[in-house]
1. Evaluate the following for LEU100: is it surrounded by 20 or more Cβ atoms within 10 Å (Cβ to Cβ), in a helix (DSSP H, G or I) and touching a helix residue (DSSP H, G or I) at 6+ places or on another chain (Cβ under 8 Å)?
2. Would you point out the residue of the range 148-162, among those that are farther than 12 Å from LEU104 by Cα and in a helix (DSSP H, G or I), that is nearest to the chain's Cα centre (by Cα)?
3. If we keep just the residues of the range 163-191 that are surrounded by fewer than 22 Cβ atoms within 10 Å (Cβ to Cβ) and either hydroxyl-bearing (Ser, Thr, Tyr) or not in a helix (DSSP H, G or I) (or both), which is modelled with the highest pLDDT?
4. Say whether the condition of being under 19 Å from LEU63 (Cα atoms), at pLDDT 95 or above and charged (D, E, K, R) is met by at least one residue in the range 143-156.
5. I'd like to know if the range 122-133 contains one or more residues that are without any contact (Cβ under 8 Å) to a residue 40 or more places away in the chain, within 17 Å of the chain's Cα centre (by Cα) and closer than 15 Å to GLN173 by Cα.
6. Here's a check for you: in the range 103-121, which residue that is charged (D, E, K, R) and either modelled with pLDDT of 95 or more or assigned to a helix (DSSP H, G or I) (or both) is farthest from the chain's Cα centre (by Cα)?
7. Search the range 42-84 for residues being assigned to a helix (DSSP H, G or I) and charged (D, E, K, R), and hand back the single one that is farthest from the chain's Cα centre (by Cα).
8. Under 8 Å between Cβ atoms, at least 6 apart or on separate chains: pull out the pairs that start in the range 65-84 with a residue that is at pLDDT 95 or above and end on any residue that is of a type in the set (D, E, K, R) and loosely packed, with under 13 Cβ neighbours inside 10 Å.
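The values are calculated or read from the model by the stated rules, or taken from the named source; none is laboratory data. Everything quoted here is computed from the prediction, not taken from an experiment. Cβ atoms come from the backbone with ideal geometry, glycine included; neighbour counts cover every protein chain shown.
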Amino acid sequence: MAALARGAALPERPALVEGEQFQDLVQRSRSLALKILLSIPDAHASCVHAETLQLNSSENAMLVFMASTIGIPSAPVLRAVSDNFTVETSLIRMSEGLQLHRALLSAVSPRLPNKDQVTGLQADIKDLVIQINKMLKMAQAAAALPSSPSVALRLPRDYEVQVAAHLTLVQLQSFGQDAVRCLRSLDRSGEDEPDG
C-alpha cells in the first residue's frame, strides 16, 4: 500500500535523446539558434528604418492586425517536452517554424534596400533546419519531413515592406527563444549547469 501513496514516476527519457550522435546535433542546433538570435538585432537595424518599429517594443503587440493584413502567419507553438508534447512533436514544430520564417524573409528580402544581414540570417536558418531535420529523421524512421511553406505577402508600399520585415524578425526572435529553451531541455552535456 505504501507504494501506491507515492507520486507518479516522471516519464523516462527516450534512449535516442541520450545518444552521442543526437546530443552532437542538439549542441550544434543550440549553437546555431543562439547565433540566429544574436543576428536578429543587426538584421533589424539594417533593414527596418521606420523609427516607430523597434525590435523590443511593447507596442509590437498592437501590430497584430497589420500582420494579418500583410499575410504573416503565426509561428507554431513550442513547449517543453512532456508526455503530451513529444521530442518528435517539438522537432517537427521547430522545423516548421524555422521554415516559415525563412520563407517570410525570402518573400520580403527582394524589396529591402539592404538585404545582406537578412540573407545571412536566412542561411543560418537553413543550416539550423538541416540540423533539426537530422534529429527528426533519427526520432522518426519513416515519417516525412516538414516541407517549406509557400508565403504570399501583401506588400503594396514600402511601409508594408518595413512592417513585414519588422514583424517577421520580432516573431523569429520569440520563436528562436522558445527553440533555444526546447533544445536546452534536450541537451544532456551540461545537466548540472544552472538555467540562468
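1. Here the answer is no, as LEU100 does not meet what is asked.
2. Among those residues, the one meeting the criterion is GLN162.
3. SER174
4. yes
5. Yes, the conditions are met somewhere in the range 122-133.
6. Step by step, filter the range 103-121, then rank; the result is ARG111.
7. GLU59
8. Between residues of the range 65-84 that are at pLDDT 95 or above and residues that are of a type in the set (D, E, K, R) and loosely packed, with under 13 Cβ neighbours inside 10 Å, the close pairs are THR69/ARG154; ILE70/ARG154; GLY71/ARG154.
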